[in-house]
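The values are calculated or read from the model by the stated rules, or taken from the named source; none is laboratory data. Only a predicted model underlies this, so the values are computations on that prediction, with no experimental measurement involved. Note that each Cβ is placed from the backbone with ideal geometry, even for glycine, and that neighbours are counted across all protein chains shown. Each accessible area value is taken on the protein alone, full model and side chains, heavy atoms only, with ligands, DNA and RNA left out. Shrake-Rupley method; radii C 1.70, N 1.55, O 1.52, S 1.80 Å.
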Amino acid sequence: MNRFLLFLTLFLIPFSKLCKAQKEGNVWYFGQNAGINFNTTPPTPLTDGQINTREGVASIADKNGNLLFYTEGTTVWDADNNVMPNGFGLQGDYSSTQSSIIVPDPGNADKYYIFTTAEFKGFRYSMVDITLNGGKGDVIPTEKNIPLLPDDASTEKVIATRH
């Protein structure tokens, strides 16, 4: 049995260098204009963010770790820290413990769902198309704040898991 484990270990170690983690979560913005870029070693602090909140935020990067956009549940900022043209008025709440989460559309690599929630504001989604606004992204006006749960059935928390 020990020879088998030794062989397996020696066989798998060279292949571990070929494995790459997804980098969609490599750039975070939070707090008062703060952020962290995990694309560098050690991670780089960021001070250019537009978020000003003590609670739940969400950000998403592309597969190479390049920031696409971020939100605190009410406003969506692009990679240049500008509010997207339709990126205001989302019905999350900046004071919710986790007011938003960003999920890639499994059927379209250029689109992302922003799920938002806040107590007594419902559970909703908005769709971002990253190809709009010159490639900086935009919230699609006809797919903004679409209710999934009624206002009285929501809380301040949301989480996602891959099925």
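Simple rule: put +1 on each Lys or Arg Cβ and -1 on each Asp or Glu Cβ in the chain, find the dipole, and look at I36, G134, G49; the Cα lying farthest toward the positive end is I36.
Between rounded, prolate and oblate, where does the range 70-127 land on the alpha carbon gyration tensor, with a ≥ b ≥ c its root eigenvalues, rounded for a/c under 1.5, else prolate if a/b exceeds b/c? Oblate. Please state the shape class of the chain: rounded when a/c is under 1.5, otherwise prolate if a/b exceeds b/c and oblate if not, all from the C-alpha gyration tensor. The shape class here is prolate.
The residues of the chain have, on average, 61 Å² of accessible surface per residue, using a 1.4 Å probe with all protein chains present.
Using a 1.4 Å probe on the protein chains only, how many percent of the accessible area of the range 53-100 belongs to carbon and sulfur? Please report the intermediate quantities before stating the final value.
Numbers: 850 of 1910 Å².
Carbon and sulfur atoms account for 44 percent of the accessible area of the range 53-100.
Measuring nothing but how far apart in sequence close Cα pairs (under 8 Å, 6+ apart) lie, relative to its length, the chain scores a relative contact order of 15 percent.
Show me the ranking of peptides 67-80, 130-143 by mean Cβ neighbours inside 10 Å, starting with the highest.
Numbers: 67-80: 22.9, 130-143: 15.8.
The packing order, highest mean first, is 67-80, 130-143.
Beyond 20 Å in Cα-Cα separation lie the following of the pairs K63/K136; K63/K144; K23/K136: K63/K144. The mean sequence distance of close C-alpha pairs (under 8 Å, at least 6 residues apart), as a share of the length of the range 46-102, puts its relative contact order at 37 percent.
Counting only protein heavy atoms and a probe of 1.4 Å, the accessible surface of the range 107-163 is 55% carbon and sulfur. Rounded to the nearest 10 degrees, the angle from helix 2-16 to the longest Cα principal axis of the chain is 50 degrees. To the nearest 10, the accessible area of F120 is 140 Å² with a 1.4 Å probe. For the range 70-163, the relative contact order works out to 27 percent when only alpha carbon pairs closer than 8 Å and six or more residues apart are counted.
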